[in-house]
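The values are calculated or read from the model by the stated rules, or taken from the named source; none is laboratory data. A quick note: this is a predicted structure, and the numbers were derived from the prediction, not measured. Cβ placement follows ideal geometry from the backbone for every residue including glycine, while neighbour counts extend to all protein chains displayed.
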Amino acid sequence: MTAYLITSVSVVGAAPTDLLIRDGVIAEVGPGLTAPDATVVDGTGLVALPGLVDLHTHLREPGREDAETVESGSRAAALGGYTAVCAMANTSPVADTAGVVEQVWRLGREAALVDVQPIGAVTVGLAGERLAELGAMADSAARVRIFSDDGHCVADPKLMRRALEYVKAFDGIIAQHAEEPRLTEGAQMHEGEVSTRLGLIGWPAVAEEAIIARDVLLAEHVGSRLHVCHVSTAGSVEVLRQAKARGVRVTAEVTPHHLLLTDERAETYDPVYKVNPPLRTAADIAALRAALADGVIDVIATDHAPHAVEDKECEWAYARPGMLGLETALSIALDVLGPEWDLIAERMSRTPARIAGLTGHGVDPAPGVPANLTLIDPAAHRTIEPAELASRSRNTPYARMTLPGRIVATFLRGEPTVLDGKAVK
Amino acid sequence: MIKHLLSGGDLDADTATEILDTAAEMATVAGREIKKLPALRGRTVVNLFYEDSTRTRISFEAAAKRLSADVINFSAKGSSVTKGESLKDTALTLQAMGADAVVIRHPASGAPHRLANWVDGSVVNAGDGTHEHPTQALLDAYTMRARLGRLAGLSVAVVGDVLHSRVARSNVLLLSTLGAKVTLVGPPTLIPVDIAGALAPGTDVSYDLDSVLPNVDVVMMLRVQRERMNDSYFPSAREYARRYGLDGPRMRRLPEHAIVMHPGPMNRGMEITPEVADSPRSTIVEQVTNGVSVRMAVLYLLLGGNNR
């Protein structure tokens, strides 16, 4: 196994030092290290972060390999600085059995670009009617701990209560897609001025907030862990703030796009901006950014959602919701938060790793810890060209935007998955 | 001149007035024995209709034919659309056939905007989902100007299912541009959120038709689908008609000169009673006639008929 000596690199924003990687772990940290057998990576001007961890990735395999595969999505993740991703369950077939989650887990191991941690469905077929075999998925080789019907809300309050209770047996967590389905029938975009102008059916903020309010009360009642996916409204932030102040065991994520883009993007009717939950208003963005800084929101998660061209090059109402995120998330975080490296490490690596139970990830580089890390050039800028992305799909909302930061290298257990900004395989 | 007509908001006051003035000239053609001008000879206009709308389609067809354009009717029924062809592929087909203008009616809001990215010719929005129907707003403005002599300073009530109405959106945008004051009237469930901010500052909202009627020059009744009651927008057709329908006694609350409009097709007995629809105040038949003149003007101006 090749050793790597990263010289003069700033570890999470600290003064430059050297990192020696050997046998899959950080062997030494300190200035002026020498290792004649090691490949030297010049880290001058670069920032090292613990490898990023995404709690919310759609890899589309099995079922929609034309949009993404575990391998192509893993490559996109590595290029984005990730060393672990949690793969959502809404594949075809749905990841609601031990067989399917083990298949995804195995495909991830074979690709060997990031650790792919499958998320299991809460209900059979995401239908919201009866529990999937959560325990079997937890006991499988994939060792599933996060369960989600993402794309669908577990709307039935009794079923949600049961799910929250049941997964306590194996320290599981329910990740809820908070969307009251009756309030969002046919919904196409955020309900507000722009939806009124565009004649598109509104997705009201209250449809998210009402479910989060209910779920934090349920989690409090049964003493379970709840994770809220892609929080998008200022009102949701307030519900979460109050719940956390009471000590409810709730965590929450926000996507890069909800931190940057507003519903006005819909004005071209280009469905590349169609996403669920929808892009909201500038006031929501301000509240989400503040919550990310003060910890009411714990995590930035991408909701990377690849879609084939024909599912986006069409009328808005007929397009599938979702946008790419893995290869641009760090840049958006840098743009939104500035070079707050400790905060970025907390929100994009340490906390998501802890929520997902991924030991070995989300740990700052230090002697003896697994060498899962990424190197960022914060001074670089790049213009996003959809055709250059590693994802099989092209539905990035950042096309032709110039964003700060570039991932120079990513290491997974000491092996480079990205070097010189390029995937090694 | 603008290239496409996708929204009532695409038109500034000068352009809108030019269209109305041109429509007045076109109207004189309709009075002739030979109702035809050579202005668009050799040009191709495609009517691309994804929804059944015989009224609108024949209005555009008559307009294009009176300008001597070649007209191709492409309806979703019995075409490749039913075989699942995408809008983009259909657009590329029309492009390859050399369409100079595509008139599109589509159930999805924004479909004309998407189409405009994929064809070189002009795109005319003939109604998209619950978004807009700009030529309807132009023919309504034309009708108001013809009856009342002006648009600036007029007070116009638009009554009914504003939420789902493309006619209402286009009218608010165009009438505001031309200096009229619009009040939207209906049950709160059928008035979309933030309407004034969304469309035009100064647009008023009222839930009380009776209080609005004495102060308007125009009352425009929108079609209200009975099925909306199944989604609890209102309790019953009867209650809707009682609170928001225009009947004889309500009509008599209008000022003497005020007119009653309806874009058709009407639900007689729902939003409007026969007594009102057939009264001298009603402009419903004129609106149909004016529709052809206005669409002639739009096609003529978009296709550069005035500078050839």
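Couple of notes before you dig in:
- Among (1) of a type outside the set (Val, Ile, Thr); (2) farther than 22 Å from A:His258 by Cα; (3) away from every other protein chain (no Cβ under 14 Å) - the single one A:Glu315 does not satisfy: (3)
- Enumeration of residues in the range A:261-279 that are in a loop (DSSP other than H, G, I, E, B), out of contact with any Leu (no Cβ under 7 Å at 6 or more places or on another chain) and of a type in the set (A, V, I, L, M, F, W, C): A:Val275
- B:Glu286 vs. criteria of a type in the set (D, E, K, R), closer than 28 Å to B:Val103 by Cβ and outside any loop (DSSP other than H, G, I, E, B): yes
- Highlighted here are the helices (runs of 4 or more DSSP H) found entirely within the range A:329-425 that include at least 2 residues which are small (Gly, Ala, Ser) and in contact (Cβ under 8 Å) with a residue 40 or more places away in the chain: A:329-337, A:351-356.
- In the set (1) over 19 Å from the mean Cα position of the chain (by Cα); (2) crowded, with 21+ Cβ neighbours inside 10 Å; (3) of a type outside the set (Asp, Glu), the condition left unmet by A:Leu375 is number (1).
- Note on the range B:167-193: residues that are among the polar types (S, T, N, Q), without any contact (Cβ under 8 Å) to a residue 40 or more places away in the chain and in a helix (DSSP H, G or I) total 1.
- With respect to (1) surrounded by 24 or more Cβ atoms within 10 Å (Cβ to Cβ); (2) in a loop (DSSP other than H, G, I, E, B); (3) in contact (Cβ under 8 Å) with a residue 60 or more places away in the chain; (4) at the interface with chain A (Cβ under 10 Å from one of its Cβ atoms), the lone exception for B:Asp161 is condition (4).
- Qualifying residue in the range B:79-100 (condition: in contact with a Gly (Cβ under 7 Å, 6 or more places away or on another chain) and either surrounded by fewer than 24 Cβ atoms within 10 Å (Cβ to Cβ) or within 13 Å of another protein chain (Cβ to nearest Cβ) (or both)): yes
- Residue satisfying all of: in the range B:194-221; part of a loop (DSSP other than H, G, I, E, B) and more than 14 Å from chain A (Cβ to nearest Cβ); nearest to B:Tyr142 (Cα to Cα) among these: B:Asp217
- Pairs with Cβ under 6 Å, 6+ apart, first in the range A:264-275 and closer than 17 Å to A:Ile201 by Cβ and within 11 Å of chain B (Cβ to nearest Cβ), second assigned to a loop (DSSP other than H, G, I, E, B) and not hydroxyl-bearing (Ser, Thr, Tyr): A:Tyr269/B:Gly110; A:Pro271/A:Lys312; A:Pro271/A:Ala319; A:Lys274/A:Ala319; A:Lys274/A:Pro321
Condition check ((1) among the β-branched types (Val, Ile, Thr); (2) more than 16 Å from A:Leu279 (Cβ to Cβ)) across all residues:
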| position | (1), (2) |
| --- | --- |
| A:Ala205 | no, no |
| A:Arg214 | no, yes |
| A:Val222 | yes, yes |
| A:Ala243 | no, yes |
| A:Ala252 | no, yes |
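- The residues listed here are B:Leu222, B:Leu254, B:Leu246, B:Leu209; of these, the one that is touching a Phe, Trp or Tyr at 6+ places or on another chain (Cβ under 7 Å) and either at pLDDT 95 or above or surrounded by fewer than 18 Cβ atoms within 10 Å (Cβ to Cβ) (or both) is B:Leu209.
- The range B:39-78 - residue that is of a type in the set (Asp, Glu) and not in a helix (DSSP H, G or I) and, of those, surrounded by the fewest Cβ atoms within 10 Å (Cβ to Cβ): B:Asp52
- Highlighted here are the strands (runs of 3 or more DSSP E) found entirely within the range A:1-89 that include at least 1 residues which are within 23 Å of the chain's Cα centre (by Cα): A:4-11, A:47-50, A:52-57, A:82-87.
- Residue identified as surrounded by 19 or more Cβ atoms within 10 Å (Cβ to Cβ) and of a type in the set (A, V, I, L, M, F, W, C) among A:Ala380, A:Ala366, A:Ala356: A:Ala356
- Within the set A:Thr57, A:Thr83, A:Thr7, the sole residue that is touching a strand residue (DSSP E or B) at 6+ places or on another chain (Cβ under 9 Å) and either surrounded by fewer than 24 Cβ atoms within 10 Å (Cβ to Cβ) or modelled with pLDDT under 95 (or both) turns out to be A:Thr7.
- Residues (assigned by TED's automatic domain parsing to the domain that holds B:Ala168 and among the basic types (Lys, Arg)) located in the range B:261-307: B:Arg268, B:Arg281
- Listing of helices (runs of 4 or more DSSP H) fully contained in the range A:156-260 that carry 3 or more residues being away from chain B (no Cβ under 14 Å), under 19 Å from the mean Cα position of the chain (by Cα) and not polar (S, T, N, Q): A:256-260
- Against the test of being in contact with an Asp or Glu (Cβ under 6 Å, 6 or more places away or on another chain) and modelled with pLDDT of 95 or more, the options A:Arg382, A:Arg413, A:Arg406, A:Arg354 yield a single qualifying residue, A:Arg406.
- The set of residues in the range B:113-158 that are within 11 Å of chain A (Cβ to nearest Cβ) and closer than 17 Å to B:His262 by Cβ comprises B:Gly127, B:His133.
- If the condition is being without any contact (Cβ under 8 Å) to a residue 60 or more places away in the chain and either among the acidic types (Asp, Glu) or over 21 Å from A:Leu55 (Cα atoms) (or both), then the range A:244-261 contributes A:Ala245, A:Arg246, A:Gly247.
- Residues that are more than 11 Å from chain A (Cβ to nearest Cβ) and of a type in the set (S, T, N, Q) within the range B:166-193 comprise B:Asn171, B:Ser176, B:Thr177, B:Thr183, B:Thr189, listed in sequence order.
- For the range A:327-340, the count of residues that are within 14 Å of chain B (Cβ to nearest Cβ), surrounded by fewer than 19 Cβ atoms within 10 Å (Cβ to Cβ) and of a type outside the set (A, V, I, L, M) is zero.
- Looking across the range A:280-312, the residues that are part of a helix (DSSP H, G or I), of a type in the set (D, E, K, R) and either away from chain B (no Cβ under 14 Å) or crowded, with 21+ Cβ neighbours inside 10 Å (or both) come down to A:Asp284, A:Arg289, A:Asp294.
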